[in-house]
Amino acid sequence: MSGFIRYWIITVMVFAFGTSFGSALAAAPSGAVFKAGFAERDITPELSMEQPGGYGKSYHKSFHDPCKVRAVVFDDGKKRVALVGLDGGFIWRAPVQAARQGIREKCGIPPETVLISASHSHSSGPLGIVQPGEYDHASSLVRSLAYEKSACADPRYLEKVRQEIIAAVCQADAAKVDAQAGVGFGIEDKVSFNRRLRMKDGRTYTHPGQGNPDIVDYAGPIDPQVGVLGVWSRDGKFLGCVVNFACHATTSPGGISANYIYYLEKVIRGTMGPEAIVVFLPGTSGDVTQVDNRCQQKNPPAERWAQMVGGRIGAEAVKTMLSMARGSLLPLDSRSKILQIKRRVPRPERVKSSLEMVQKDPKEVGPTDWAFAKEIVLLDALLAKHPTAEVEVQAIQVGPAVFLANPAEMFCQYGLDMKAKSPFKFTFPACLSNGFNAYVPTEDAFGEHGGGYETRLTSCTNLEVPAGRKIVAASLELAGQLTPGPVPEHPLAPPFDASRARPPVPPELN
């Protein structure tokens, strides 16, 4: 057999079996342990339950697709870490702590190594805003505003979600197998847009409207990176992945839904396997949505919009995973820190005028003004009991990747700052994690040319102006306490062998 023929046989074999061949060469050193397990559980709310996303009551009337809890557990023989993504608008601190305690009791994973994040789906179940008993200390007026006029968590649903988070993590832990994984970034820059726009009057508006002639430019950035961590068993079966992207889950295709994450999952499963589990962790998307206020074309219908956003993110995740090298992502580690951050306090005269306003018919004063007056009254009652907010900042390391978690809807610039200053090449900000503190704008947003919906004081959006800077600093401090592990690499080609090289062929003109 000639060297030329041998060369092409080897080339075809490497092409056909390149994935498994590359994985074998990227295997962990002898004696190293790297295991992973995935699981998912159903948390679909019942019809007629409350729908999140607003400051008043809204109820589900139809079903589109299931809501889930999805979890992955990694184990290096010394430490286990768990990443949990749930199809929910948010999850408060108390339910997180209750779920973590249940996980510790059921399968022994320590609370500080468990990250629990909500996708911020506006079409999911009743996890808040108002929590059970939160305003029992307040006046009858405040209690009525909180429990009868505001979006409220359903105690039965909270318990269901708690149980299913515990079950998902313990099931993933029991499903662990020897694994290989890869990590990478794709780019998707066509589906997310900063919703804050600079206007001709020098101020910043949130969603000023398509075609508004006073728009000058976007007031902030987007983060087009699609962060992906893909996991395979040692025999090459795709198990699942973690996807991190910064865009509000507000496409809401109609009825109960995981939102665009449903279509993200469908695209990944269509290529990687129908049993693949996709753990979605939202990036810093406090000022980023799917709406492009500068676009002159009509927005697509909600169903198609959800397909487009989720489909394109999912496709980019697939492209990234098909190209990534695999290996053992070691070591595993974690850090966490609790910040006590002051809340912004409304002026006494504003509280007084808001109290007067909420006792009038919303139609008389206008529904938007009435809703925000209600929020000021609720905030005033909250401050009497909790003048500061407990904010957990967490870093979960999986080899060369770090997940920097915080409970806020951080503005996108903060996530870009984390990535730029992190010692980890693969840094994934995971917002809406381990609690909920709503919008945390940049300090510029509170300045002379700032403004916009996200800066308004409410019962959940109220952290002091420097809060974002403090959260970023704490996140980077935790990341700095960890040492990035090696990034898997594709095997090198064999040394050049002239006997296998294809001979030169001169041009043939006739």
Practice task
At most 10 other Cβ atoms within 10 Å and a DSSP loop assignment: could you name the trypsin sites (Lys or Arg not before Pro) in the stretch 275-325 that fit?
Solution key: Lys298
Handout entry: 0 to 90° range, to nearest 10: angle between helix 367-385 axis and the chain longest Cα axis
Key = 90
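Determine the percent antiparallel among the DSSP beta bridges restricted to the stretch 384-510, to the nearest 5.
Values: 5 of 13 bridges.
Here the share of antiparallel DSSP bridges comes out near 40 percent.
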Fill in the blank from the handout: Measuring from the longest principal axis of the C-alpha atoms of the chain, the long axis of helix 140-149 (C-alpha) lies at a number of degrees, nearest 10, equal to 40
Problem - Any cysteine of the chain lacking a neighbouring Cys Cβ under 4.7 Å - listed by number - result: Cys67, Cys152, Cys241, Cys247, Cys295, Cys412, Cys431, Cys460
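Where both residues lie in the stretch 55-147, what percent of DSSP beta bridges are antiparallel, nearest 5?
Numbers: 7 of 12 bridges.
Antiparallel bridges: around 60 percent, rounded to the nearest 5.
Give me D for the stretch 418-510 in µm² s⁻¹, whole number, from Stokes-Einstein with Rh from the Kirkwood sum over alpha-carbon pairs, 25 °C and 0.890 mPa s. Provide the component values of the computation, followed by the final result.
Working: Rh = 18.6 Å.
Result for D is 132 µm²/s.
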Exercise for the section: Can you pull the one-decimal nm distance between simple spin-label points at Asp42 and Ser499, each 7 Å off the Cα toward Cβ? Expected result: 6.3
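Which shape class applies to the stretch 344-385: rounded if a/c is under 1.5, otherwise prolate when a/b exceeds b/c and oblate if not, where a ≥ b ≥ c are the square roots of the Cα gyration tensor eigenvalues? Before the final figure, lay out the partial values.
Details: a/c = 2.39, a/b = 2.06, b/c = 1.16.
The shape class here is prolate.
When the gyration tensor of the stretch 67-151 is built from Cα positions, what are the square roots of 5 times its three eigenvalues, in whole Å, from largest to smallest?
Details: eigenvalues 205, 48, 11 Å².
Ellipsoid half-lengths, sorted descending, are 32, 16, 7 Å.
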Problem - For the chain, share of DSSP beta bridges that run antiparallel, in % to the nearest 5 - result: 75
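I need Ser48, Ser192, Ser353 ordered by Cβ neighbour count within 10 Å, fewest first. Could you put the intermediate results ahead of the total?
Working: Ser48 8, Ser192 25, Ser353 13.
By the 10 Å Cβ count, ascending: Ser48, Ser353, Ser192.
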Completion exercise
Check: C-alpha center the stretch 182-230 vs C-alpha center the stretch 338-413, spacing in Å is 24
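Tell me what the chain gives for mean residue ellipticity at 222 nm when only DSSP H runs of n ≥ 4 count, each as -39,500 (n - 2.57), the sum divided by the residue total, rounded to 500 deg cm²/dmol.
Details: 12 runs with 160 residues, N = 510.
After summing the helix terms and dividing by the residues of the chain, the value is -10000 deg cm²/dmol.
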Problem - Quotient of C-alpha Rg and 2.2 N^0.38 Å, computed over the chain - result: 1.05
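Could you list His120, His64, His137 in order of exposure, starting from the residue whose Cβ has the fewest other Cβ atoms within 10 Å? Show your work: numbers first, answer last.
Values: His120 25, His64 19, His137 12.
The fewest-first ordering by Cβ neighbours comes to His137, His64, His120.
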Fill in the blank from the handout: By Cβ neighbour count within 10 Å, fewest first, Val279, Val231, Val505 rank Val505, Val279, Val231
Problem - C-alpha long axis of helix 260-272 to longest principal axis of the chain, angle in ° - result: 10
Exercise for the section: Could you tell me whether the stretch 95-142 comes out rounded, prolate or oblate from its Cα gyration tensor? Rule is a ≥ b ≥ c as square roots of the eigenvalues, rounded for a/c under 1.5, then prolate if a/b exceeds b/c, otherwise oblate. Expected result: oblate
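Every number here is computed from the coordinates shown, using simple stated rules; none is lab data. Bear in mind the structure is a predicted one, so any value in this text is a computation, not a measurement. In this analysis, Cβ positions are derived from the backbone assuming ideal geometry, glycine residues included, and neighbour counts consider all displayed protein chains.
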